[in-house]
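Everything on this sheet refers to the single structure shown next.
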Amino acid sequence: QAVTADCQDPEVLQALGVKEVHCAVVAFSDDIGTSVLITLNLKELGIPRIVCKARSASHEELLKRIGADQVVFPERESGRNLAHTLDNKEILNYIPLAKGYSLVKTPVPWSWRGKTLGELEVPKKWQVHVAAIQRTDGTFLPAPQPDVTFRPGDVLFTLGAIEKNETVIALE
């Protein structure tokens, strides 16, 4: 449920029944004072999980100190992902995962076309896992089996350490 209200007022939050929610999101950051006050109100109402958007490192620190469970910087995260795709024309999409790992969407290397996943021994030789393949006709093959043959135009979703994903991307 999404609600628009003056969440700076604890009485408004109580009237909305906020005490019953499992998670609240404070999704604006233009006015640091307002986002801090709302976060503090939600924390005092006992909300189990509070996710906040921040605009700076100091804003993030303040939100964490008053009880935000997670602080996000959507613009910064989107910018980093875009930078990875702009840095290498072969990367169609880049999703950072745990430190040092990523999921990358990239065209199938030329040298893999006409060969099977099992024949190439991708996890053994390149230390990445092919999480999915998308065909030119839009068919999506999640967790492809070893007998799947790579075709021209296929798009790979590889999961692995960043440097291993980069090795696959660089293949001819």
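The values are calculated or read from the model by the stated rules, or taken from the named source; none is laboratory data. Just so we're clear, the structure is a prediction, and the values are computed from it rather than from any experiment. Reconstructed Cβ throughout: ideal geometry from the backbone, glycine too, with neighbour counts over all protein chains shown. In case anyone asks, the SASA skips ligands and DNA or RNA and just uses the protein heavy atoms, side chains included. Shrake-Rupley method; radii C 1.70, N 1.55, O 1.52, S 1.80 Å.
Some values worked out for this structure:
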{"quantity": "Pick from the stretch 46-60, criterion out of contact with any strand residue (DSSP E or B) (no Cβ under 6 Å at 6 or more places or on another chain) and either among the polar types (S, T, N, Q) or under 14 Å from residue 28 (Cβ atoms) (or both), ranking: surrounded by the most Cβ atoms within 10 Å (Cβ to Cβ)", "calculated": "59"}
{"quantity": "Within the stretch 148-166, considering residues that are more than 13 Å from residue 103 (Cβ to Cβ) and touching a helix residue (DSSP H, G or I) at 6+ places or on another chain (Cβ under 6 Å), the one surrounded by the fewest Cβ atoms within 10 Å (Cβ to Cβ)", "calculated": "148"}
{"quantity": "Residue match in the stretch 75-85 (condition: outside any strand (DSSP E or B), modelled with pLDDT of 80 or more and either among the aromatic types (Phe, Trp, Tyr) or under 19 Å from the mean Cα position of the chain (by Cα) (or both))", "calculated": "no"}
{"quantity": "Hits in the stretch 1-17 (condition: β-branched (Val, Ile, Thr) and either at pLDDT below 85 or open to solvent by 60 Å² or more (accessible area, probe 1.4 Å) (or both))", "calculated": "3, 4"}
{"quantity": "Only one of 50, 38 that is part of a strand (DSSP E or B) and farther than 18 Å from residue 75 by Cβ", "calculated": "50"}
{"quantity": "Subset of the stretch 136-147 that is among the polar types (S, T, N, Q) and without any contact (Cβ under 8 Å) to a residue 24 or more places away in the chain - its residue that is most open to solvent (accessible area, probe 1.4 Å)", "calculated": "136"}
{"quantity": "Failed item, numbered, when residue 91 is tested on (1) of a type outside the set (Lys, Arg); (2) in contact with a His (Cβ under 8 Å, 6 or more places away or on another chain); (3) within 30 Å of residue 154 (Cβ to Cβ); (4) at pLDDT 85 or above", "calculated": "(4)"}
